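Bear in mind these aren't lab numbers, they're just calculated from the coordinates by the rules spelled out. Everything numeric here is computed off the predicted structure, so don't read it as measured data. As a convention, Cβ positions derive from the backbone with ideal geometry for all residues, glycine included, and neighbour counts pool all protein chains shown.
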Amino acid sequence: MKRLGNIAVTAMFLVSGAMPALAASEADFKAAYAAAEAAEKEAGQLRNQWTTTEAALAAAKKAAAAGDFDAATTTAKEAEALAKASIFQATSEKDRWKDAEIR
């Protein structure tokens, strides 16, 4: 009976997602970093690169060099989000300045 209880508890943990997440691998980092670099390159083509994105990319690279792929992957994903935000800013404000111009 006790064994059945242990199985039920284990099944409950598996269903609830309470098991710890797998650590990020070097491949995960490389994919996240490549996506962030691509977004940053697009932001550069729009002439709207943010210094915070560059700092996040540098921090991700530094964490990866130290072997901390969890932090590196997380930081690379943050850099991608920042680059995408700068792309959004550039495209949304492309003609918005005309609305603020005094006529």
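Numbers below:
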quantity	calculated
In region 55-103, the GluC sites (Glu not before Pro) that fall in loop regions by DSSP, at most 16 other Cβ within 10 Å	E93, E101
Footprinting exposure proxy for F29, F69, F88 (fewest neighbouring C-beta atoms within 10 Å first)	F88, F69, F29
Pairwise label distance in nanometres, S25 with K94, each label 7 Å out on the Cα-Cβ vector	3.9 nm
Neighbour-limited loop hits for trypsin sites (Lys or Arg not before Pro), region 28-75 (at most 10 other Cβ within 10 Å; DSSP other than H, G, I, E, B)	R47
Residues S92, S25 arranged by fewest to most Cβ contacts within 10 Å	S92, S25
Candidate aspartates and glutamates for bridging to K41, where Cα separation is under 16 Å - those fewer than 8 sequence places away on the same chain excluded	E54, E78, E80
Cβ-based net charge around A83, under 9 Å, with every Lys or Arg adding one and every Asp or Glu removing one	-2
Chain lengthening between R47 and E101 when straightened (0.36 nm per residue, less Cα-Cα)	17.3 nm
Estimated Rh, region 22-100: Kirkwood, alpha-carbon pairs, angstrom	12.8 Å
